[in-house]
Amino acid sequence: MVKKTKFDCIIVGVGGQGSIFASRVLGEAAVREGYDVISAETHGMAQRGGTVEVHVRLGSSFGPLIPLRSADALVGMEPAEGLRFARYLSPKGTAIINTNVVPATSSDYPPVANLVKALKDTCERVIAYDATRLALDAGHLQTLNVVLLGTLSRMLPLSTLEEVVAEHVPKKALDANIRAFKLGQRVFDA
């Protein structure tokens, strides 16, 4: 893979899904490989299931917030949150979306197929799949963020990403996280 000099990614979800962990692992792997990294996170009511938004910029000499319509990738750990932040995606960008819905406080949650269709109208590529199921297949629901990182890893020239994941998860959860990462990679390759 040709090393890109810049890469902008938005990671979104709800509190408890691991958006911040995913962004920190991504940032650390990028720093190890010589990128300048800058990021910003917002997580007001995150502990209660509120929105978590993280901007991660590799190789950028500008501020931490990604301008609208310019992100290379969007990782949505929850489908409605993914669509909510699609405004940041470049028309040539890729959306990686977990199709498993976090129970909303509203009974008016739109069909996931409608959310995915709206995303497809926004960017060049949408990879939408049940990452929650893959996390459970890997051995633990809390590996959801690592499944999605595995998918994202196929877009990045970061050879140390899996290694950084392994260094930052508890030893007892290492095998499940490595399985989760590889399952996510397979989704991109499919």
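The values are calculated or read from the model by the stated rules, or taken from the named source; none is laboratory data. Predicted model, so just to flag it, every value in this text is computed and none were measured. Heads up, the Cβs are rebuilt from the backbone with ideal geometry, glycines too, and the neighbour counts pull from every protein chain shown.
Search the stretch 63-77 for residues that are more than 13 Å from residue 119 (Cα to Cα) and at pLDDT below 95 and pair each with any residue that is polar (S, T, N, Q) and not in a loop (DSSP other than H, G, I, E, B) when their beta-carbon atoms are under 9 Å apart and the residues are at least 6 apart or on different chains.
Close Cβ pairs (under 9 Å, with a partner that is polar (S, T, N, Q) and not in a loop (DSSP other than H, G, I, E, B)) amount to 64/39.
Looking only at the stretch 137-190, count how many residues are among the β-branched types (Val, Ile, Thr) and either surrounded by fewer than 19 Cβ atoms within 10 Å (Cβ to Cβ) or over 24 Å from residue 93 (Cβ atoms) (or both).
4
So the check is Cβ under 7 Å with 6+ separation or different chains; which pairs have a first residue in the stretch 33-44 that's farther than 15 Å from residue 59 by Cα and a second one that's modelled with pLDDT of 95 or more?
Taking only residues 6 or more apart or on different chains, the pairs are 41/23; 41/54.
Out of 113, 104, which single residue is at pLDDT below 95, surrounded by fewer than 16 Cβ atoms within 10 Å (Cβ to Cβ) and either in a strand (DSSP E or B) or more than 17 Å from the chain's Cα centre (by Cα) (or both)?
Result of the check over 113, 104: 104.
Table: residues versus (1) in a helix (DSSP H, G or I); (2) over 28 Å from residue 178 (Cβ atoms); (3) not small (Gly, Ala, Ser).
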| site | (1), (2), (3) |
| --- | --- |
| 82 | yes, no, no |
| 108 | no, yes, yes |
| 118 | yes, yes, no |
| 144 | yes, no, yes |
| 147 | yes, no, yes |
| 150 | yes, no, no |
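Return the pair list, or none, for Cβ contacts closer than 6 Å from residues in the stretch 111-124 that are farther than 10 Å from residue 94 by Cα to residues that are crowded, with 18+ Cβ neighbours inside 10 Å, at least 6 apart or on different chains.
112/79; 112/99; 115/79; 115/83; 116/128; 118/83
Can you tell me which residue within the stretch 4-18, out of those that are at pLDDT below 95 and surrounded by 24 or more Cβ atoms within 10 Å (Cβ to Cβ), is farthest from residue 83 (Cα to Cα)?
17
Could you check how many residues of the stretch 125-184 are within 19 Å of residue 30 (Cα to Cα), within 17 Å of the chain's Cα centre (by Cα) and of a type in the set (Asp, Glu)?
1
Per-residue answers, yes or no, for (1) closer than 16 Å to residue 12 by Cβ; (2) in contact with a Phe, Trp or Tyr (Cβ under 6 Å, 6 or more places away or on another chain):
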position	(1), (2)
114	no, no
123	yes, no
129	no, no
133	no, no
151	yes, yes
157	no, no
173	no, no
186	no, no
